[in-house]
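Take a look at the structure set out below.
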Amino acid sequence: MTYDQFVSWLKGDAKWAGDWSTFPEGIVDMADMRLSEGIDLKISLQAKNGELSGMIAAGKVCSNAPFDFLLLRGSVSGTEANVEVFDIIGGHQRVFERLKLVRDGNVITVHPLGGASSWFPQGARIGKHLDANEAFMNDFCKENKLPRTGQ
């Protein structure tokens, strides 16, 4: 086993990587997962040596930003990860939010650290999809018919 493989195993990369939402396709015991209802939230994660990157989409992002999703980056510590929600605007990185993600098996609970003005629901529970899908984030705002007010 190489060092990278060992660190990847140690940090649980495979457990974090994938597509996560309130309605994970193909899960038959979804009710047992007690996922959040009535919210639109998707996270797509890649993991390498305990470092996370990916994308996040939510209804309030659609309403307040001119894009369907924002970028994520952060690091894992056991079953928790601290991530920044950011994007590149006008050639500059802008951090919109910091989140704490807590993973319990195939469920992540999202805890925004930015207070009441968060674009992401406090304590939202999302489940891992069985298979990754390249088009997972495509047209999120259009599919959820959310108006854009921040343009």
Query - Candidate values (1) 9.8; (2) 14.3; (3) 10.8, label of the one derived for mean projected area of the Cα convex hull in nm² - result: (1)
Query - Dipole of the chain [Lys/Arg +1, Asp/Glu -1 at C-beta], most positive-end residue of Trp119, Gly74, Ala17 - result: Trp119
Query raised in the report: Dipole magnitude of the range 32-118 about its Cα centre, charges +1 at Lys/Arg Cβ and -1 at Asp/Glu Cβ only, in debye to the nearest 20?
Result: 160
Query - Stretchable slack from Thr79 to Thr2, in nm (0.36 nm times residue separation minus alpha-carbon distance) - result: 25.4 nm
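Could you work out the longest stretch of the chain that avoids the trypsin sites (Lys or Arg not before Pro) located in DSSP loops with at most 14 other Cβ atoms within 10 Å?
Numbers: sites that count: Arg34, Lys145, Arg148.
Here the longest run is 35-144.
For the chain, with only Lys/Arg (+1) and Asp/Glu (-1) charged at the beta-carbon, what is the dipole magnitude about the Cα centre, in debye rounded to 20? Kindly include the intermediate steps, with their values, before the conclusion.
Values: 16 positive and 19 negative charges, 91 e Å.
It comes to approximately 440 debye.
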**Report entry** Inter-site label distance for Leu130 and Phe67 at 7 Å from Cα along Cβ, in nm
**Finding:** 3.2
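What's the longest uninterrupted piece of the chain once you rule out the GluC sites (Glu not before Pro) that are loop residues per DSSP with at most 15 other Cβ within 10 Å?
Numbers: sites that count: Glu25, Glu37, Glu134.
In short, 38-133.
Defining a contact as two alpha carbons under 8 Å apart and six or more residues distant in sequence, what relative contact order in percent does the chain show? It would help to have the intermediate numbers written out before the result.
Details: 323 pairs, mean separation 39.4, N = 151.
Reported as a whole number, the value is 26 percent.
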Query raised in the report: Relative to the present Cα-Cα distance, how much length would full extension add between Phe86 and Asn106 at 0.36 nm per residue of separation?
Result: 4.7 nm
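R0 = 22 Å: FRET efficiency of Arg94 with Gln46, Cβ-based, nearest 0.05?
Values: r = 21 Å, r/R0 = 0.96.
It comes out at approximately 0.55.
Take the cross-link list Lys15/Lys100; Lys15/Lys60; Lys100/Lys142 and give me the ones stretching past 20 Å between alpha-carbons.
Lys15/Lys60; Lys100/Lys142
Read-outs throughout are calculated quantities, based only on the coordinates presented, and are distinct from any laboratory measurement. Every value quoted in this text rests on a predicted model; they were computed, and no experiment measured them. Every residue, glycine among them, receives a Cβ derived from its backbone with ideal geometry; neighbour counts consider all protein chains shown.
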